[in-house]
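Visitor: Pasting a structure here, questions to come.
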There are 2 protein chains.
Amino acid sequence: MFTPPLDEQRFVLEHVTRLAELGATDRFAAATPDLVDAVIEGVGSFAEGEWAPLARVSDQVGAKWTPEGVVMPEGFAAAYKAYVEAGWGTISAPEAFGGQGLPYALASVVLETLGTANMAFTLCPLLSVGAIEALVHHGSPEQQALYLPKLVSGEWTGTMNLTEPQAGSDVGALRAKATPRGDGTWSISGTKIFISFGDHDLADNIVHLVLARTPDGPAGTKGISLFLVPKYRVNPDGSLGAENDVRTVSIEHKMGLHGSPTCVLSFGDHGECVGELIGPEFGGMRAMFTMMNNARLNVGLQGVQAAEAATQKAVAYARERIQSARAGSGSPAPVAIIEHPDVRRMLLRMKALTQAARALLYYAAGMVDRATLGDKAAQARLELLTPLAKAYGTDLGCEVANLGIQVHGGMGYIEETGAAQVFRDVRITAIYEGTNGIQAADLVGRKLGLEGGETLARLIADMRAEAEDAGLRSLIDACEEVAGHLRAAAVDDRLAASYPFLTMLSTAVAGWLMERQGRIAANGDGAFLAMKRTAARFYVEQVVPEAMGLMVAAMAPADILYAVGPDEFAA
Amino acid sequence: MFTPPLDEQRFVLEHVTRLAELGATDRFAAATPDLVDAVIEGVGSFAEGEWAPLARVSDQVGAKWTPEGVVMPEGFAAAYKAYVEAGWGTISAPEAFGGQGLPYALASVVLETLGTANMAFTLCPLLSVGAIEALVHHGSPEQQALYLPKLVSGEWTGTMNLTEPQAGSDVGALRAKATPRGDGTWSISGTKIFISFGDHDLADNIVHLVLARTPDGPAGTKGISLFLVPKYRVNPDGSLGAENDVRTVSIEHKMGLHGSPTCVLSFGDHGECVGELIGPEFGGMRAMFTMMNNARLNVGLQGVQAAEAATQKAVAYARERIQSARAGSGSPAPVAIIEHPDVRRMLLRMKALTQAARALLYYAAGMVDRATLGDKAAQARLELLTPLAKAYGTDLGCEVANLGIQVHGGMGYIEETGAAQVFRDVRITAIYEGTNGIQAADLVGRKLGLEGGETLARLIADMRAEAEDAGLRSLIDACEEVAGHLRAAAVDDRLAASYPFLTMLSTAVAGWLMERQGRIAANGDGAFLAMKRTAARFYVEQVVPEAMGLMVAAMAPADILYAVGPDEFAA
C-alpha cells in the first residue's frame, strides 16, 4: 500500500525549493512545470506499480549470500530492469554521460518516491549516485567516458567502500592497500565491511569505489586515495573482461533493510585485484566527501521516505480500525480510532514531522542546484544544512516510524502489518553515512565557523525576516545565542552540546519552512491545503517549543560528562 | 553478558522504596536487611547463570507452534524448572498458599533481575502474577486452595485472556461466551488473541483467566465475567484430569520477544471447554483491573529491564571499541569511544534514564506494600502513579534501547551484538497491558480527580517539600498548573493534552526521586555513589528542562486535532 504524495511534492518544490527560480536559468531550462509534473507523476506510478509490491518480500525473504554471489529476491531483477529502461536514475546526471541534466532537487523527489515504496531496494541506486558524483568531479575524461554512461543509466551500479573492522567513523584508521602494478593500474588488497549492495544479481557490473593506502604515504587520512575497482574488468571499448579479484565473504544479519545486502568484501585474495586511481594520489578524503555529502542528503531523504511510508500505513489503519466510543460524545457507538484525540495527536504529529523533514531536505536539495549554478552563498548554506538534513531527517524518520507502530497498537508489533518493517528499516539511517553524532560534531566543529560564522548569520537573518510566530522567533534567537556561545567554547563543551544544538537549529529551520507553507496554504481550498496549514500550525505551535526545552543542555558545559570515568559507568 | 545491578537495587530500595519502613511492620517483619540482600544477590546469580545464557536463543530460535502445542527453545524447560525449585516466584505471594509473604517491592526486584537477563522468558512468570492476584482477591476458598499453591510455586503458569480481534483497548466489545453447564461450571467458547504464553511446554498445567459474557447480561463492560479455564482439568484432589477444549490456533510473527509465544487461543471448538466463574457474575472488569494494575507496574518494570540491559551492553561496547583520537586532546592516539563527548552524553543519558525509571517503579512498588498495610493514601498514590509507571517506564525503556543501538554504531544494527534485540523486544511494552495512550487517558480521566484532586495535591506537596533545583521546582509548579487546567477542561481537550502531561508529571516525580538520591550520594565514596550523583545531576539538570518544553502542548486545546478530518489525513 503506497500512494505517491504528489500534491505535497509539488507544493514543497514550488514554495520551499522554489524550483521555478531554477527553471528560469539556462542550465535548468528543461525543468519546465510540465516536465517536472511528468517526472513526479511518472515515478509515482512506477514506484506504485513496480517497487512497492516488492517491499514485503524485500523484508521477509531478503538478499541471500551464496558461494556464487548475492542473490536478490524474486522480482527484483525485473523491477530493476524496468527502472533502468525508464531512466529514473538519469534525472540530474550530466547530459554528456546520458543524463538529463535536470535539477538535483527533482532527482531527490524521484529517489524519495522510490524509497517510500521500497527503501531497501532504493539503496542500490542511492549508492550509484555517490559513485557517479565521485567520477564526475574527480575522474579522468577516460574514466568518465568508460564508466559514467553505464552508471548513469543504471546498467552498472556503484558502491562506496570506506569501512573496515577497525575503521568506522575513524576513516583514517583504514588499512586497505594499493600498490602500483607498473602499467598505471593498482593492485588492491584488504577487507571492507558494511558495503551496501556490494554484490547482487541486478546489473551487469558493479563499480566499487574503494579507499586505500598507497605505499609510503602519510598515516591517517592524508595517506588515503580513492580507487575504482570493477567487479568485472572493463575493456577499453567498454565490454566486460574477466572477473576481478573481489570476493563477497558474507552478508550481515541485520535488524532491517533485509533487501539491501550488506557485504563483507575481500579485495585481492589472489593478488589479482586491479583498480584505477580516481583523482590524485592522497586525494581520497576529498573524493570521499564528494561522495558522502550527497549521500548524506540522500540518507536524510530516507528519513522522509520512512516517515511517509509509516504515516500512510498508520492513517489507513486508524481510519479502518473501529474501537471504543468517542469519549464525551454521548454516543456509545464505537468509532474509527482516528477519531480518538490521542490517536489523532499521534497522526497529526506524524504528518507534521514528515512534512518538516521533507521541507528541510527539499530546501537543501535546492541549494545543491544553486551551488551548481555558481551561487557561493548557496554552497555555504548547503554545507551548513547537510548535517541537519542528514541527522534531523533521519531522527524524524525514526520517530515517525515509532509513532506508526504505536498507532497500530498490538498489530504494530506483528510483522504482517508492515509498520514494524518501516521501524526496523529506518533505524540504520541514523547511523550510516556518518552517525548522527558525527553530523552534530560536523555542525559545531566545521559548519558553525564557515565564512567566519557568516553562513549561519545569513541563515538566521533569513529566518528572522520571515518568521512570525513568537515561539519560533524565540527558538531562532536561542539558536543564535547558543551558536555564539559554542563558537567560543572549548572543544569538549562544544561537542557535549552538539546534539541538542543540532536538534534546536534543525527545528528552527524546519519551523521557518513549515510556517511559510502554512501561510501560503492559509486561504486555499481542498483537503491538501487544509492538512498543510494544520500540520504547519502543529509543528510551529507544539514541536518548536519542545526544541526550546533542549536549550539548557545545549548551553551546559561538558564537565558533567567527565565527572565520572569509564569504571564508574560499569559500576 | 549480564551483571545484576546489586548496589543500585539496594540503594533504591533503601532510599526510594524505603524498605526499612516496611520491614519495621509485623506484616513484613521477615524482610530483614540480611534476607533482602540474600534475595537480590541470589536472584542475581540465578539470572546470570540460568536465564541470561538463553537470551540469544530466545530471540534467534524463539517459540515454535506445532500441532501438538507450542515448543519452547532448548534449555528453557530446564531453566524454568530451576526457577520453580529456587522458589523465585513465591516472594510476595501469601504464605497460606506457599508464598513467602515478603514485600511486593522485593518481588519487583526479583522480576526486574530475571527480565534484564531474559525479558521474553520473564513474561511467563509475570503473567502468572496476574492470575495469582486475581485468585487471591476474587477466588473462592476452594479455588484458592486448588489453584494458588501450584501457581505460586510456578508448577503451573497463568495467562490473561482479554483481547479478541474486535476487542483490544475496547474490552467491552468482547464476544467470548460462557453458558452454565448446570453443575456450577460454565461452558466457554470464543477466540482470544495476543495471549502471551498461552501455550508452552514449561509447566504441567496452564491456568487461563478468561473474560467472557454470560447469557442475557448487559452489553459492554458491565456484562463481562471472569472465568478460570485450565489447559488440563483439575480434579478435586489437585491431580490433573483430561485435556480441556482449548486449542492453540497459531502464534504471532512478532518484531521481538520471540521467546514469548503470543497465542491465538480457541475455546470450546467442541463444546467441551469447562470453566469456573471467578468472583461474582458481571464482576469481570473489577477482577481484570486487579490483574492489570499489577501487570501494568510489571510492564513498566520491563522498561527498566530493557534500559538496564541496553545500558550494560552499550557501556561494555563503548569501553572496548577504539575509534578516533579525542578531539582537542592533542594526542593522535585513538581512544575508546566512551571518551568521546557525544558518546559519553548518550551513555550518561542511558544511565540517568534507567535509574529514573527504576526509581519510579520501585517507589510505586513500595506503595503496593503500604496499601497492603492498609494505608489509604498509599493506595491512592499507587493508583495515581500506575499509569506513569507503566507509560513513562516503558517509554524510557524504548528510548534507552534506542540510544543503545546508536552507541554501537553500525554494529548496533547487526543482530549479533544483541543491542537490536533489546530494542525490538522492549517496543511492545509501550503497547500491551493498555497502550501508553490508554495510560495517559487513565491519568487525566480517572486519576487526576481521585479524592477530588487531593491525591495529586498531596504528591505535589511532597515533591515541593523536598525538591531543591529551580528547574525541578518549575516543573512541579507547571504540573500543578496543567493539572488544574485539565481538570476543568472539556473531555477532548483533556485527552488531547494527556500524553504530554503524563510525560511532564512522570519527569517531575522521577526528578524528585533522582534529586533525593543524588543528595544522599553527594558525599559518599566509591564508583557507585559517584555514578549515582552524576546520573541524578544529569537527570535534574538536563532531562527535567526537556519536559518543560511539553507544557505548551499540555495546555493546548484539542481544536487543532480536529481542524481537519480523516479524509484530509489521507490527502
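The values are calculated or read from the model by the stated rules, or taken from the named source; none is laboratory data. Since the structure is predicted, the reported quantities are computational estimates derived from the model, not experimental observations. Please note: Cβ atoms are built from the backbone with ideal geometry, for glycine as well, and neighbour counts cover all protein chains shown. Each accessible area value is taken on the protein alone, full model and side chains, heavy atoms only, with ligands, DNA and RNA left out. Shrake-Rupley method; radii C 1.70, N 1.55, O 1.52, S 1.80 Å.
Visitor: Name the residues of segment B:201-229 whose accessible area falls by at least 50 Å² when all protein chains are present instead of the chain alone, probe 1.4 Å?
Guide: Residues of segment B:201-229 that lose at least 50 Å² of accessible area once the other chains are added: none.
Visitor: Given the whole protein assembly as supplied and a 1.4 Å probe, what does the accessible area of B:Phe2 come to in Å², nearest 10?
Guide: 20 Å²
Visitor: For helix B:498-520, report the angle its Cα long axis makes with the longest principal axis of the Cα atoms of chain B; keep it between 0 and 90° and round to the nearest 10°.
Guide: Tilt relative to chain B: about 60 degrees.
Visitor: Near A:Leu472, within a Cβ-to-Cβ distance under 14 Å, what is the net charge of the other residues, with Lys and Arg +1 and Asp and Glu -1?
Guide: Net charge around A:Leu472: -4.
Visitor: What's the extension gain from A:Arg519 to A:Glu142 if we count 0.36 nm per residue and subtract their Cα-Cα distance?
Guide: Residue separation times 0.36 nm, minus the Cα-Cα distance, leaves 130.6 nm.
Visitor: For the protein assembly as shown, what does the helix formula give at 222 nm: sum of -39500 (n - 2.57) over DSSP H segments with n ≥ 4, over the residue count, nearest 500 deg cm²/dmol?
Guide: Calculated mean residue ellipticity at 222 nm is -16500 deg cm²/dmol.
Visitor: Just counting partner chain Cβ atoms within 10 Å, what average do the residues of peptide B:331-342 show around their Cβ?
Guide: Mean partner-chain Cβ count within 10 Å for B:331-342: 5.
Visitor: Quick one: grab the alpha carbon gyration tensor of segment B:38-185, order the square roots of its eigenvalues as a ≥ b ≥ c, and give me rounded if a/c is under 1.5, else prolate or oblate depending on whether a/b is larger than b/c.
Guide: oblate
Visitor: Less than 13 Å Cβ to Cβ from A:Thr157, Lys/Arg counted +1 and Asp/Glu -1: what total charge do the surrounding residues give?
Guide: Local charge sum for A:Thr157: -1.
Visitor: Also: Which peptide among A:335-343, B:258-266 comes first, and what is the full order, when sorted by highest mean count of other Cβ atoms within 10 Å?
Guide: My ranking of the peptides, most packed first, is B:258-266, A:335-343.
Visitor: Could I ask something else about it? Quick one: which of B:270-280, B:310-320 comes out on top by average Cβ neighbours within 10 Å, and what's the full order, highest first?
Guide: Highest-to-lowest ranking by the protection proxy: B:310-320, B:270-280.
Visitor: Along segment B:289-300, what does the Karplus equation 6.51 cos²θ - 1.76 cosθ + 1.60 (θ = phi - 60°) give for ³J(HN,Hα), rounded to whole Hz, x for Gly and Pro?
Guide: 5, 4, 5, 7, 5, 5, 4, 5, 4, 5, 6, x
Visitor: May I ask for the angle, rounded to the nearest 10°, between helix A:141-153 and the longest principal axis of chain A, with both axes built from Cα atoms and the value confined to 0 to 90°?
Guide: 50 degrees
Visitor: Helix A:341-372: angle to the longest alpha-carbon principal axis of chain A, degrees 0 to 90, nearest 10?
Guide: 40 degrees
Visitor: Also, quick follow-up: Average partner chain C-beta neighbours within 10 Å, per residue of B:427-434?
Guide: 4
Visitor: Please compute the net charge surrounding A:Trp512, taking Lys and Arg as +1 and Asp and Glu as -1 over other residues with Cβ under 12 Å from its Cβ.
Guide: Spelling it out: positives minus negatives among the neighbours equals -1.
Visitor: Specify, for chain A, the residue whose C-beta is closest to the rotation axis mapping it onto chain B, with the distance given in whole Å.
Guide: A:Gly549, 1
Visitor: Tell me the per residue accessible area of chain A using a 1.4 Å probe; a whole number in Å² is fine.
Guide: Roughly 33 Å² per residue, with all protein chains present.
Visitor: Also, quick follow-up: Would you mind getting me the FRET efficiency between A:Glu41 and A:Ala457? Use the beta-carbon distance for r and R0 = 51 Å, nearest 0.05.
Guide: 0.80
Visitor: Let me ask something additional. Hey, how many Å between the Cα centroid of segment B:524-565 and the Cα centroid of segment B:346-366?
Guide: Computed from Cα coordinates, the inter-centre distance equals 13 Å.
Visitor: Accessible area of segment B:436-565 with a 1.4 Å probe: how many percent of it is carbon plus sulfur?
Guide: Carbon plus sulfur share of accessible area: 54 percent.
Visitor: What is the interface area between chains A and B, defined as buried accessible area summed over both chains with a 1.4 Å probe, reported in Å² to the nearest 100?
Guide: The buried area between A and B, both sides summed, comes to about 8000 Å².
Visitor: Turning to a different aspect of this structure: Rounded to the nearest 10 Å², what accessible area does B:Met1 show when all protein chains are kept and the probe is 1.4 Å?
Guide: 130 Å²
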